[in-house]
Amino acid sequence: MPVAHQSNKVILTHPSGASAEVYLYGATLTSWKVANKERIFVSEKAILDGSKAIRGGIPLVFPVFGKGKAPHVTAALPQHGFARISLWKLLNSSDDANAVTAEFGLDHTLISEENRKLWPFDFSLVYTVKLAAETIETKLRVHNIGEKSFDFNTLLHTYFLIPDASKVKVIGLSGIDYVDKVLATTAHQEGDIVIKGEVDSVYANVKSPDVQIPYVAEQGGVQLHLKGLSDVVVWNPWAAKAAGMADFGNEEYHKMICVEAGQVAEFIALAAGGSWEGSQILSLL
Ligand code: TA6
């Protein structure tokens, strides 16, 4: 069955054998397999009962990044906004010779009363997961269905499963200034990114829509192609931060890297009646 709808998640299966899994909670993609190999990291300690954002997969950051305050909004929203901690609906699904597609929806009537008060705008989100034989596209469309304009950040907070964080590179962000949140400074990226400790960097207005994550010690890797997104966040908590996360194994930082496509350097202003979309296409190296 190309799209199987279970109580709390949706399983997409492509005729090639590729598969994906999306929890309705947060519309969080928690698995993408190609050639029967998992490409997405989810912590063994992830909480999957809807009581907390899933630690891993592709959590959806909206309408704020981090503890950011949205313009014209007084109180701080939950960390990374409410999209990843809300229950989405499966809107529809389809399959053809090339791809299996599922669309998920969230709007202002589905979020908590508390978040509605914190962010009093009428919105509709449509998140599309399109699974092909060797690629997967995740696209977010934002619709302002109210009378007031609103401003938002968004990020596809992708956790990639990798053999060894100290043996990967991130290629494609060289020559760009970035915010180093670990050192609380800005810096200029010279060459490829390597992970030798905690990394938490925000690259705004990247030059190329293509970011590669090759496995240095063995064949393979993944790459992102950005469409309508211009910022990239690179994150690995490393040992100390890993130890401080109850829903993350102390040694799991070796097996993951977050390379996150989005719009976080600036808020996007969306006029009443307006729409916006951005997506990433993940493929294998
Ligand atoms: O995207 C990187 C980041 O903003 C880090 O600063 C770290 O906070 C990470 O997201 C995870 O955030 P979370 O709220 O899921 O623990």
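The values are calculated or read from the model by the stated rules, or taken from the named source; none is laboratory data. Computed from a predicted model, the values in this text were never measured in an experiment. Methodologically, a virtual Cβ is constructed for each residue, glycine included, from the backbone with ideal geometry; neighbour enumeration extends over all protein chains shown. Note: areas computed on protein heavy atoms with side chains; ligands, DNA, RNA excluded. Shrake-Rupley method; radii C 1.70, N 1.55, O 1.52, S 1.80 Å.
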Taking the condition open to solvent by less than 20 Å² (accessible area, probe 1.4 Å) and either within 16 Å of the ligand (Cβ to nearest atom) or closer than 24 Å to Ala272 by Cβ (or both), does Leu77 pass? yes
I'd like the residue in segment 185-201 that is open to solvent by 20 Å² or more (accessible area, probe 1.4 Å) and in contact with an Asp or Glu (Cβ under 7 Å, 6 or more places away or on another chain) and, out of all such residues, is nearest to Ser283 (Cα to Cα). His188
Among Leu118, Leu106, the single one that is modelled with pLDDT under 95 and surrounded by 15 or more Cβ atoms within 10 Å (Cβ to Cβ) is Leu118
Residue set His5, His14; condition surrounded by fewer than 20 Cβ atoms within 10 Å (Cβ to Cβ), more than 18 Å from the chain's Cα centre (by Cα) and in contact (Cβ under 8 Å) with a residue 60 or more places away in the chain; output residue His5
Whichever residue in segment 23-46 is over 17 Å from the mean Cα position of the chain (by Cα) and not in a strand (DSSP E or B) and, among such residues, is surrounded by the fewest Cβ atoms within 10 Å (Cβ to Cβ): Asn36
So, in segment 3-22, how many residues would count as being in a loop (DSSP other than H, G, I, E, B) and modelled with pLDDT of 95 or more? 6
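Okay, residues lined up against (1) out of contact with any Phe, Trp or Tyr (no Cβ under 8 Å at 6 or more places or on another chain); (2) within 14 Å of the ligand (Cβ to nearest atom); (3) under 20 Å from Ser43 (Cβ atoms):
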residue: Gln212; (1), (2), (3): yes, no, no
residue: Val234; (1), (2), (3): no, yes, yes
residue: Ala239; (1), (2), (3): no, no, yes
residue: Asn250; (1), (2), (3): yes, no, yes
residue: Ala265; (1), (2), (3): yes, yes, no
Between a first residue in segment 40-62 that is more than 26 Å from Ile281 (Cα to Cα) and a second residue that is of a type in the set (Val, Ile, Thr), which pairs have beta carbons less than 8 Å apart while being 6 or more apart in sequence or on different chains? Ile47/Ile54; Lys52/Ile85
Restricting attention to segment 123-145, which residues are open to solvent by 10 Å² or more (accessible area, probe 1.4 Å) and touching a Phe, Trp or Tyr at 6+ places or on another chain (Cβ under 9 Å)? Val126, Thr128, Lys139, Arg141, His143, Ile145
Could you tell me which numbered condition Gly274 fails, if it satisfies all but one of (1) under 22 Å from Arg141 (Cα atoms); (2) within 13 Å of the ligand (Cβ to nearest atom)? (2)
Cβ-Cβ distance below 6 Å, separation of 6 or more or different chains: which pairs start in segment 236-255 with a residue that is over 12 Å from Ile195 (Cβ atoms) and end on one that is of a type in the set (A, V, I, L, M) and within 13 Å of the ligand (Cβ to nearest atom)? Asp247/Ala46; Asp247/Ile47; Phe248/Ala242; Asn250/Ala242
